[in-house]
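Notes to accompany the following structure.
The values are calculated or read from the model by the stated rules, or taken from the named source; none is laboratory data. Because the structure is predicted, anything quoted here is derived from the model rather than measured. Ideal geometry is used to build each Cβ from the backbone, glycine not excepted, and the neighbour counts take in all protein chains shown. Surface areas here come from the heavy atoms of the whole protein model, side chains and all, with no ligands, DNA or RNA. Shrake-Rupley method; radii C 1.70, N 1.55, O 1.52, S 1.80 Å.
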Amino acid sequence: MARRKTEVFSLSFLDVIACGFGAIVLFYTILSAQAGMQRDRRNDDLQAEVNRLEEEVLEGYKNLVVLKNSLESTDEAVPAEGLANRVIEETERLRQQLAEAEKDTLSKRETIERLKQDLKSLDEGTRRLSAGTPSPGQPGTRIKGFVGSGDRQYLTGLKVGGGHILILVDASASMMDETVVNVIRLRNMPEVRRLTAEKWRRTVGTVDWLTSQLPAKSKFQVYAFNTKAQPLVPGSAGKWLGADDANALNEALREMRKIVPQDGTSLENAFATAATLSPRPDNIILVTDGLPTQGASPPAVRKTIDGEGRLRLFERAIGRLPSGIPVNVILLPMEGDPLAPSAYWTLARRTNGSFLSPARDWP
């Protein structure tokens with residue numbers, strides 16, 4: 001019997017191979033389907049994330065628009081605020097200029113009114129002098145005349161006599177007014193306003209009256225003092241002037257009207273001038289309004305001084321006064337210095353002089 005021939009690729013083997021390939025294809029098909037589903041799910045997630053990011057970007061654009069609008073509003077507000085500040089500053093500057101202009105205008109008006117009053121007084125004086133001028137055969141004894149307000153006789157008891165008469169006039173800041181507040185206010189005003197201060201005008205009028213009472217044969221000298229003392233007539237320091245010299249009298253009055261009251265009061269320096277004159281004066285007339293505020297030199301440290309301190313300065317100043325000379329005091333009023341009247345009255349009594357505290361409308 002013949003042997004059967006063995007075949008490698010039989011029908012059964014092919015069936016097995018086909019089944020294997022079929023299983024593999026089925027397996028890959030199943031895997032592919034699952035991978036597609038997972039891909040779809042991942043795509044859905046990514047799409048959701050993309051949508052969320054798009055919404056955030058859109059919201060960011062909206063916020064950017066809002067910020068841009070706010071920035072534009074801020075840019076418009078800043079120039080407007082700066083312009084408002086400039087307008088306020090300009091308005092304040094114009095108000096200050098207006099206030100200063102009104103102050104200057106008021107000062108000028110007051111000056112004009114005072115000048116008008118002076119002109120009226122001079123006209124009245126001219127008429128009186130013209131009506132009472134003596135005839136050429138009857139000359140007068142006074143070198144200089146004085147016309148007050150009204151027809152009063154100046155019976156004061158003040159001793160305007162002697163061979164050598166020294167007039168000391170206080171030209172400190174307090175001579176502008178009777179109150180401390182007004183003195184401080186006037187001290188900060190222009191010079192033309194200080195020159196026309198009512199109290200200072202009375203002081204100038206007092207010196208005018210004194211020079212009109214000087215005996216024709218006497219000698220005189222006028223010193224103005226504040227922290228320092230200086231003669232009214234330039235170049236006359238330490239010299240006597242003739243009371244019969246009308247030019248000297250008029251020049252002294254002209255220089256007196258130019259003085260602007262300022263600074264403190266050194267009575268010690270004023271009394272020291274008596275020792276610089278030769279021969280020494282036999283009559284001193286002092287025009288002031290209170291006790292001194294400093295000695296021969298200003299204090300090293302600027303500070304206020306009380307009444308007792310001013311009284312000590314007054315006593316020290318008396319020590320510089322040559323002995324045997326009568327001191328006649330004309331004390332103008334000043335608030336806040338209650339010790340002054342008694343101190344100057346005692347000085348006048350001690351030196352055989354006179355003390356006068358005149359009324360506000362004198363001379």
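From the list Pro358, Pro299, Pro338, Pro322, the lone residue that is in a loop (DSSP other than H, G, I, E, B) and either at pLDDT 90 or above or closer than 18 Å to Asn226 by Cβ (or both) is Pro299. When each of Ser236, Ser266, Ser323 is tested for being open to solvent by 70 Å² or more (accessible area, probe 1.4 Å) and not charged (D, E, K, R), the lone residue that passes is Ser323. Restricting region 252-270 to residues that are within 28 Å of the chain's Cα centre (by Cα) and of a type in the set (Lys, Arg) leaves a set whose member that is nearest to Thr211 (Cα to Cα) is Arg257. Mind checking which pairs have a first residue in region 197-220 that is assigned to a loop (DSSP other than H, G, I, E, B) and a second that is open to solvent by less than 10 Å² (accessible area, probe 1.4 Å) and of a type outside the set (Phe, Trp, Tyr), Cβ under 7 Å, 6 or more apart or different chains? Sorted first by the residue in region 197-220, then by its partner, the pairs are Ala197/Met176; Ala197/Leu186; Leu214/Ile165; Leu214/Ala243; Pro215/Ala243; Ala216/Ala243; Ser218/Ile165; Ser218/Ala243. Let me confirm something: among Arg316, Arg310, Arg320, Arg257, which residue is within 21 Å of Arg194 (Cα to Cα), among the charged types (D, E, K, R) and touching a residue at least 24 places away in the same chain (Cβ under 8 Å)? One residue alone meets the criteria, Arg257.
For region 246-259, the set of residues classified as surrounded by 15 or more Cβ atoms within 10 Å (Cβ to Cβ) and farther than 12 Å from Ile167 by Cβ consists of Ala248, Glu251, Glu255, Ile259, listed by residue number.
When Asp208, Asp177, Asp170 are screened for being open to solvent by less than 10 Å² (accessible area, probe 1.4 Å), of a type in the set (D, E, K, R) and modelled with pLDDT of 90 or more, only Asp170 passes. State yes or no: is Gly290 closer than 18 Å to Thr351 by Cα and assigned to a loop (DSSP other than H, G, I, E, B)? So Gly290 fails the test.
For region 275-295, indicate whether the set of residues that are at pLDDT below 90, surrounded by fewer than 20 Cβ atoms within 10 Å (Cβ to Cβ), within 32 Å of the chain's Cα centre (by Cα) and under 20 Å from Ala229 (Cα atoms) is non-empty. Within region 275-295, one or more residues are at pLDDT below 90, surrounded by fewer than 20 Cβ atoms within 10 Å (Cβ to Cβ), within 32 Å of the chain's Cα centre (by Cα) and under 20 Å from Ala229 (Cα atoms). The residues of region 192-233 that are β-branched (Val, Ile, Thr) and touching a helix residue (DSSP H, G or I) at 6+ places or on another chain (Cβ under 9 Å), listed by number, are Val192, Thr196, Thr203, Val204, Val207, Thr211, Val222, Thr227, Val233. Taken over region 258-280, the criterion of being more than 15 Å from Pro322 (Cβ to Cβ) and either assigned to a loop (DSSP other than H, G, I, E, B) or touching an Asp or Glu at 6+ places or on another chain (Cβ under 9 Å) (or both) is satisfied by Ile259, Val260, Pro261, Gln262, Asp263, Gly264, Thr265, Ser266.
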